[in-house]
Amino acid sequence: MKKLFLLVAISFATVTSGSAALDTTKIDNLTGLKGKLNEKEGVYKVTFPRDDVKIVVDGWTMPPFMGLGTWAAFTKGAHTEAMVMGDTVLFEDEVNAAMSAALDNGLSVTALHNHFFFDQPKVYFMHIEGEGSVEKLASAMKKMYDTTKAIRGPKAKPAESFPTVGQASLPEKNSITAAPLNEIFDMQGEAKDGMVKFTIGRPAKMHDVKIDKDMGVNTWAAFAGSDDNAVVDGDFAVTEDELQPVLRSLLDNKINIVAIHQHMTYEEPRIMFFHYWGRGRAKDLANAVKGGFVVGGLLKVSSPLP
């Protein structure tokens with residue numbers, strides 16, 4: 001019994017000493033927030049309510065306490081000084097700028113989804129994680145938060161559409177020319193009513209059963225509109241190692257990320273799915289998406305993209 005008590009005491013001392021090793025004052029100063037220490041878990045957490053916009057869910061004005069809080073939790077890292085995990089409350093016009101800021105500053109984006117139905121304006125939650133020094137991680141969180149503030153500051157009401165400056169409305173009749181896109185992707189797309197779609201399977205296993213393209217493990221891109229005024233939407237199926245570089249590739253090429261999640265359980269390897277949306281010339285959009293295909297190992301190229 002004494003030995004058991006000693007082991008528990010040593011374990012608790014390790015956790016608390018690990019949290020003490022974190023410079024919590026630096027975290028406060030760099031994030032601009034005042035955190036709270038959970039000594040038992042060895043976690044220092046900063047949080048703030050998203051109270052700058054009134055959010056109505058199912059006709060009810062929701063207090064931030066009910067799940068509209070942005071947070072970042074820091075703990076001692078196993079291989080680095082610290083690790084951070086967090087959840088960021090965002091509106092649709094903030095998501096891609098915040099995601100770019102996270103990736104540009106060394107954080108990983110691990111999920112993007114909704115928590116509610118019938119919310120006005122629509123609210124999204126972006127989960128992040130990172131490893132490194134306290135200074136690096138806390139600074140990265142601040143830059144991401146500042147990016148959101150810069151968007152919301154001059155415009156209290158979230159936008160209801162993607163920026164359309166210089167863009168004409170999409171034509172009522174679709175007329176995408178398939179041949180140039182077939183050449184870019186080096187495959188034959190599926191054409192229907194002036195639209196074109198490309199689909200690539202991703203072999204995996206689930207319950208010891210092989211699953212592939214037609215069982216839902218696929219990456220696809222669909223094009224509509226006209227050659228000079230098009231929209232692309234689709235879904236990427238990537239491994240955990242591929243997720244961050246493919247996200248970065250699409251964001252760098254002005255393709256908007258609109259969801260990140262899983263579609264299955266018990267699959268091998270684990271597959272993450274993310275959905276995207278882009279506007280522009282059809283060939284430009286195809287090249288942007290192809291870049292993600294290449295980074296994700298779905299296509300092989302022997303020369304630079306056109």
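The values are calculated or read from the model by the stated rules, or taken from the named source; none is laboratory data. Since the structure is predicted, the reported quantities are computational estimates derived from the model, not experimental observations. No Cβ is skipped: glycine too gets one built from the backbone with ideal geometry, and neighbour counts run over all protein chains shown.
Just a few scattered comments:
- Residue among Pro158, Pro163 that is surrounded by 11 or more Cβ atoms within 10 Å (Cβ to Cβ), at pLDDT below 95 and not hydrophobic (A, V, I, L, M, F, W, C): Pro158
- Considering residues of the stretch 232-284 that are among the charged types (D, E, K, R) and in a strand (DSSP E or B) only, the residue surrounded by the fewest Cβ atoms within 10 Å (Cβ to Cβ): Glu268
- If you go through the stretch 101-152 and keep only what is loosely packed, with under 15 Cβ neighbours inside 10 Å, under 24 Å from Met62 (Cβ atoms) and out of contact with any Asp or Glu (no Cβ under 9 Å at 6 or more places or on another chain), you end up with His113, Asn114, His115, Gln120.
- Any chance Phe185 is farther than 30 Å from Arg50 by Cβ and of a type in the set (Phe, Trp, Tyr): yes
- Members of the stretch 181-199 that are touching a helix residue (DSSP H, G or I) at 6+ places or on another chain (Cβ under 7 Å) and surrounded by 14 or more Cβ atoms within 10 Å (Cβ to Cβ): Leu181, Ile184, Phe185, Gly189, Ala191, Val196, Phe198, Thr199
Rundown of residues vs (1) among the acidic types (Asp, Glu); (2) free of Cβ contacts under 8 Å to residues at least 24 places away in the same chain, yes/no style:
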{"position": "Asn38", "(1), (2)": "no, yes"}
{"position": "Glu41", "(1), (2)": "yes, no"}
{"position": "Lys45", "(1), (2)": "no, no"}
{"position": "Arg50", "(1), (2)": "no, no"}
{"position": "Ile55", "(1), (2)": "no, no"}
{"position": "Leu68", "(1), (2)": "no, no"}
{"position": "His79", "(1), (2)": "no, no"}
{"position": "Met85", "(1), (2)": "no, no"}
{"position": "Leu103", "(1), (2)": "no, no"}
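- Boolean, Lys173 is free of Cβ contacts under 8 Å to residues at least 40 places away in the same chain and assigned to a helix (DSSP H, G or I): no
- One residue alone among Ala72, Ala111 is small (Gly, Ala, Ser), over 21 Å from Ala21 (Cα atoms), in a strand (DSSP E or B) and in contact (Cβ under 8 Å) with a residue 60 or more places away in the chain, and that residue is Ala111.
- Sole exception among (1) in contact (Cβ under 8 Å) with a residue 24 or more places away in the chain; (2) charged (D, E, K, R); (3) in a helix (DSSP H, G or I) for Lys157, by number: (3)
- Within the stretch 259-278, the set of residues being charged (D, E, K, R) and in contact with a helix residue (DSSP H, G or I) (Cβ under 8 Å, 6 or more places away or on another chain) comprises Arg270 only.
- When each of Asn218, Asn182 is tested for being within 15 Å of Phe236 (Cα to Cα) and polar (S, T, N, Q), the lone residue that passes is Asn218.
- Scanning the stretch 160-170 for residues that are within 25 Å of Ile128 (Cβ to Cβ) and in contact (Cβ under 8 Å) with a residue 40 or more places away in the chain yields one hit, Phe162.
- The set of residues from the stretch 178-219 being closer than 18 Å to Arg281 by Cα and among the hydrophobic types (A, V, I, L, M, F, W, C) comprises Ala178, Ala179, Leu181, Ile184, Phe185, Ala191, Met195, Val196, Phe198.
- Residues being over 19 Å from Ile27 (Cα atoms) and hydrophobic (A, V, I, L, M, F, W, C) are represented in the stretch 126-140 by at least one member.
- Checking each residue in the stretch 176-185 for being in a helix (DSSP H, G or I) and either under 21 Å from Ile255 (Cα atoms) or at pLDDT below 95 (or both) picks out Ala178, Pro180, Leu181, Asn182, Glu183, Ile184, Phe185.
- Residue among Thr199, Thr219 that alone is assigned to a strand (DSSP E or B), at pLDDT 95 or above and closer than 29 Å to Asp104 by Cβ: Thr219
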